[in-house]
Amino acid sequence: MKGKRLLMIPGPIEFTLEVLAEMAKPTLSHTDQQFIEEFGQALEKMRKVWLAPNGQPFAIAGSGTLAMEIAAANITEPGDNVLIVHTGYFSERMADIFRLHGANVDIVQSAVGDIPEIDEVRRRLKSKNYKILSITHVDTSTGVRTDVKALSAAAQETNTLVVVDGVCAVAGEELRMEEWGVDIAFTASQKAIGVPPGLALLVTSKKAMESFRSRKSPVGAYYCDWQYWLPVMEAYEGRKSAYFGTPAVNLVRALNISLGQILDEGMEARFERHARNAAAFRAGLSTIGLSFVPVRKEIMANTLSAVYYPEGTDASILPLIAKNGAVLAGGLHPAIKTRYFRIGHMGMSDASEILAVLGSIEQGLATAGYSFEPGASLKAAQSALIQP
Ligand code: PMP
């Protein structure tokens, strides 16, 4: 497509032509047999992508913030204690949502670009009767990835429900929902799932559903309430239609296509590709002197990079980079907002996109007067990509 720029923000991302073509089809009735079949298939595929063979999937029209609220609203009752592993802007949002639904929220804080120590989280979990531990898998404001496996294991010791905001992680970062004992993991369609914005996607454990069923007070948000959505999801999986709110027909059909593409690649191959591309991308940027918001390599996300503007430059490089082919995002974390930018590298993005984005960044930096050896970032990334 002439003049097309690569959309390399942390969502929405570049979508495959098959997904986009599916979106363009004439809209079917939500009771059409073909749509019923496709919605049923999409729900079955969600279990496979989340690696939760016994999980309950939900696909509901809305953005990731709706998924956050659905998770919190259905398992929180007024007075419940919730512990938040705080890694940035989106952990803060989750804390606000839990508070709105009546929870007493405590926070395990970390410095910007870092994650709290597991031992500190374990100590806090044992200090009070916490019903829920809330974790942001990848905080999109800092590019930091938490250790969901270890945090989840700590929560099992105190029988605490584990909620994972996987909006910038699911289908990109390793997540083994059932094996790790996660109770709710949610995302939104526009990120590594690879479907245009508009679907809130959650998978829940049996334990999460039991917690919902045993609640004594009503859910405090009508559109979020699983009592209305569960029969709809169960019906479509049983290849029947049911109605609560009109499903986002074209998005659900595109979801079925995208989840099929994800499963064709295979979850292990997908986790590995995201890790390889991220490492190559960062090898490129560090070669030309750029540094990252996450304070250690092991906690850098594979789905996006948060990068400090190099000496003498600022947000004015973003339009210069965009002019040279790649649309990137500015900072988001209030403490460092003006000092860094963000690049998404998730979904179907392949090695050639990684190289193209580095090329655009070099062009933008050169125009801004930043001094480096032209092509050095591409060479370093290419070396990392073609390593056996
Ligand atoms: N959580 C995380 C980790 C996110 O990255 C985002 C979106 N960037 C959200 C929640 C909220 O999603 P949405 O913007 O789709 O409402």
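Can you tell which of 74, 319, 161 lies farthest toward the positive end of the dipole of the chain, using +1 and -1 charges on the Cβ of basic and acidic side chains (Lys, Arg; Asp, Glu)?
It is 319.
What does the charge count around residue 267 come to, taking other residues whose C-beta lies under 10 Å from its C-beta (Lys +1, Arg +1, Asp -1, Glu -1)?
Net of charged neighbours comes to -1.
Can you list which of the trypsin sites (Lys or Arg not before Pro) found in region 1-99 are DSSP loop residues with at most 11 other C-beta atoms within 10 Å?
Answer by residue number: 2, 4.
Considering only 141, 377, 29, give the residue with the highest GNM mean-square fluctuation for the chain, with springs between Cα atoms whenever their separation is below 10 Å.
29
Given Cα pairs under 8 Å that are at least 6 residues apart, what percent is the relative contact order of region 17-265?
31
So for the pair residue 178, residue 34, with labels modelled 7 Å out along Cα→Cβ, what separation do we get in nm?
Label at residue 178, label at residue 34, 3.2 nm between them.
Between the alpha-carbon centers of region 190-250 and region 314-388, tell me the distance in whole angstrom.
38
Around residue 300, with a cut-off of 9 angstrom between Cβ atoms, what is the net charge of the other residues, counting Lys and Arg +1 and Asp and Glu -1?
+3
Using the Karplus equation 6.51 cos²θ - 1.76 cosθ + 1.60 (θ = phi - 60°), what ³J(HN,Hα) coupling, rounded to whole Hz, does each residue of region 241-252 give in order, writing x for Gly and Pro?
9, 8, 10, 10, x, 4, x, 7, 3, 5, 5, 5
Rolling a 1.4 Å sphere over the protein heavy atoms, what is the accessible area per residue of the chain, to the nearest Å²?
Using a 1.4 Å probe on heavy atoms only, each residue of the chain averages 39 Å².
Using DSSP to call loops (not H, G, I, E or B), can you name the GluC sites (Glu not before Pro) in region 282-388 whose Cβ has at most 10 other Cβ atoms within 10 angstrom?
Those satisfying the criteria are 311.
Based on the alpha-carbon gyration tensor of the chain and its eigenvalue square roots a ≥ b ≥ c, which shape applies: rounded if a/c is under 1.5, prolate if not and a/b is larger than b/c, or oblate?
Note, shape of the chain comes out oblate.
Taking only Cα atoms and a 10 Å spring cutoff, compute GNM fluctuations for the chain and point out the largest among 374, 78, 26.
26
Under 5 Å between amide H atoms, partner at least 5 residues away or on a different chain: which partners does residue 309 have, H built in plane at 1.01 Å?
Those qualifying (amide H under 5 Å, at least 5 residues apart or on another chain) are 340, 341.
Counting only protein heavy atoms, what percent of the accessible surface of region 17-265 is carbon or sulfur at a 1.4 Å probe?
For region 17-265, the apolar C and S fraction of the accessible surface comes to 52 percent.
Report the residue, chosen from 264, 106, 314, that carries the largest GNM mean-square fluctuation when the chain is represented by alpha-carbon nodes joined by springs under 10 Å.
Result: 264 has the largest fluctuation of those listed.
How much length is gained if the chain between residue 20 and residue 81 is pulled fully straight, taking 0.36 nm per residue apart and subtracting their Cα-Cα distance, in nm to one decimal?
Full extension of this stretch gives 17.7 nm more.
Work out from phi, with θ = phi - 60° and the Karplus expression 6.51 cos²θ - 1.76 cosθ + 1.60, the ³J(HN,Hα) of each residue of region 130-135, listed in order in whole Hz, and give x for Gly and Pro.
After applying 6.51 cos²θ - 1.76 cosθ + 1.60, I find 8, 7, 9, 10, 10, 10 Hz.
With a ≥ b ≥ c taken as the square roots of the eigenvalues of the C-alpha gyration tensor of region 319-372, please select rounded if a/c is under 1.5 and otherwise prolate if a/b is larger than b/c or oblate if it is not?
Note, shape of region 319-372 comes out oblate.
The values are calculated or read from the model by the stated rules, or taken from the named source; none is laboratory data. No experiment lies behind these values; they were computed from the predicted model shown. Please note: Cβ atoms are built from the backbone with ideal geometry, for glycine as well, and neighbour counts cover all protein chains shown. Note: areas computed on protein heavy atoms with side chains; ligands, DNA, RNA excluded. Shrake-Rupley method; radii C 1.70, N 1.55, O 1.52, S 1.80 Å.
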